[in-house]
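Colleague: Below you'll find the structure I mean.
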Amino acid sequence: MPGVELHARNAAAMWESIASACGEVIARTRDVSVTVPSPYHSLRAILLRWPQDPEAVARTVTGLVLARDVPRRTVEDAFGVLPMEAYGFVARDPMAVMVRDPGPVPGERPEGVEVVRVTDPDQLAVTERVIVDGFPQTHLQPWAPGRSLPLQVLDLPGWTVWLARRDGQPAGGGYVYDDTAVGGAYWIATLPEHRGKGVARALVRTMLENMPDRPMTLTSTAAGEPLYRSLGFGEVSRSWWWNPA
């Protein structure tokens, strides 16, 4: 399966897992997954494969997305083929979809950074706040517990949440969703006062070392690409994220 399709299917499965516990799976077809993961997350339509008829899929997606009266709606097209502008959507700057094959992780582990697996509600709340304020997720500020990372993720299959501490202080966070074919890394964030100290590198190294036999995929902003390339990730496509105008 091509890397971009692995990525899209992992992202869809991750959001569907939250939706099954906290929201609603609106539609799942061969071409698209549409979910409202929770009251605090954007309605999300994800293209799952290269469509035979992009125009028809764009029409279908538009109908599904606009039918719901929710404050935030996003269409993810990692294949870059849906003509969503014709249906009144506007695009953000495209982001790199990156995939890394299994293998040794290059470089050294940064000193002074400890990365731990999150196992209880208190740790989850700390990690969630780091992600909301570090990425940042501005629509969830000021932070309140359980909106970005609902408590249910501690028990959902496939989820591993990671917290990074630098000199004993919460500094970074992120999570991996394992769909048994690939691991997807999401919302890797560092608080501003800890940036440039190896926190994100330590997080991603730990994620990779704990999934040595699976490919890993992620979507990267331009700022994150150099780090991910240095750890062995390569770009497989550019993902277009669309919102209603």
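Colleague: I'd like the full set of residues that are under 18 Å from Pro121 (Cα atoms) and assigned to a loop (DSSP other than H, G, I, E, B), limited to the range 136-194.
Modeller: Trp143, Ala144, Pro145, Gly146, Arg147, Ser148, Leu149, Pro150, Asp155, Leu156, Pro157, Gly158
Colleague: Only residues that are within 30 Å of Ala144 (Cβ to Cβ) and either crowded, with 19+ Cβ neighbours inside 10 Å or assigned by TED's automatic domain parsing to the domain that holds Val153 (or both): list them for the range 20-37, please.
Modeller: Answer for the range 20-37, where residues must be within 30 Å of Ala144 (Cβ to Cβ) and either crowded, with 19+ Cβ neighbours inside 10 Å or assigned by TED's automatic domain parsing to the domain that holds Val153 (or both): Cys22, Gly23, Ser33, Val34, Thr35, Val36, Pro37.
Colleague: If we keep just the residues of the range 106-157 that are more than 23 Å from Ala13 (Cα to Cα) and β-branched (Val, Ile, Thr), which is surrounded by the most Cβ atoms within 10 Å (Cβ to Cβ)?
Modeller: Filtering the range 106-157 for residues that are more than 23 Å from Ala13 (Cα to Cα) and β-branched (Val, Ile, Thr), the one surrounded by the most Cβ atoms within 10 Å (Cβ to Cβ) comes out as Val130.
Colleague: Any chance you could count how many residues in the range 211-245 are part of a loop (DSSP other than H, G, I, E, B) and surrounded by fewer than 15 Cβ atoms within 10 Å (Cβ to Cβ)?
Modeller: The number of residues fulfilling the criteria is 6.
Colleague: So Tyr177 clears everything in (1) over 16 Å from the mean Cα position of the chain (by Cα); (2) of a type outside the set (A, V, I, L, M); (3) crowded, with 22+ Cβ neighbours inside 10 Å except one condition, right? Which one?
Modeller: Only one criterion is unmet by Tyr177, namely (1).
Colleague: Identify, from the list Arg72, Arg49, Arg44, Arg100, the residue that is surrounded by fewer than 16 Cβ atoms within 10 Å (Cβ to Cβ) and either of a type outside the set (A, V, I, L, M, F, W, C) or at pLDDT 95 or above (or both).
Modeller: Of Arg72, Arg49, Arg44, Arg100, the one residue that is surrounded by fewer than 16 Cβ atoms within 10 Å (Cβ to Cβ) and either of a type outside the set (A, V, I, L, M, F, W, C) or at pLDDT 95 or above (or both) is Arg72.
Colleague: Right, another one. Residues that are of a type in the set (Lys, Arg) and in contact with a Phe, Trp or Tyr (Cβ under 8 Å, 6 or more places away or on another chain), at least 2 per element: which strands (runs of 3 or more DSSP E) completely within the range 1-96 meet that?
Modeller: Strands (runs of 3 or more DSSP E) meeting the threshold: none at all.
Colleague: From the list Glu209, Glu225, Glu193, which one is over 22 Å from Arg9 (Cβ atoms), more than 13 Å from the chain's Cα centre (by Cα) and free of Cβ contacts under 8 Å to residues at least 60 places away in the same chain?
Modeller: Step by step, each of Glu209, Glu225, Glu193 is checked, and only Glu193 is over 22 Å from Arg9 (Cβ atoms), more than 13 Å from the chain's Cα centre (by Cα) and free of Cβ contacts under 8 Å to residues at least 60 places away in the same chain.
The values are calculated or read from the model by the stated rules, or taken from the named source; none is laboratory data. Source: prediction; values computed, not measured. With ideal geometry, Cβ positions are generated from the backbone for all residues, glycine too; neighbour counts draw on all protein chains shown.
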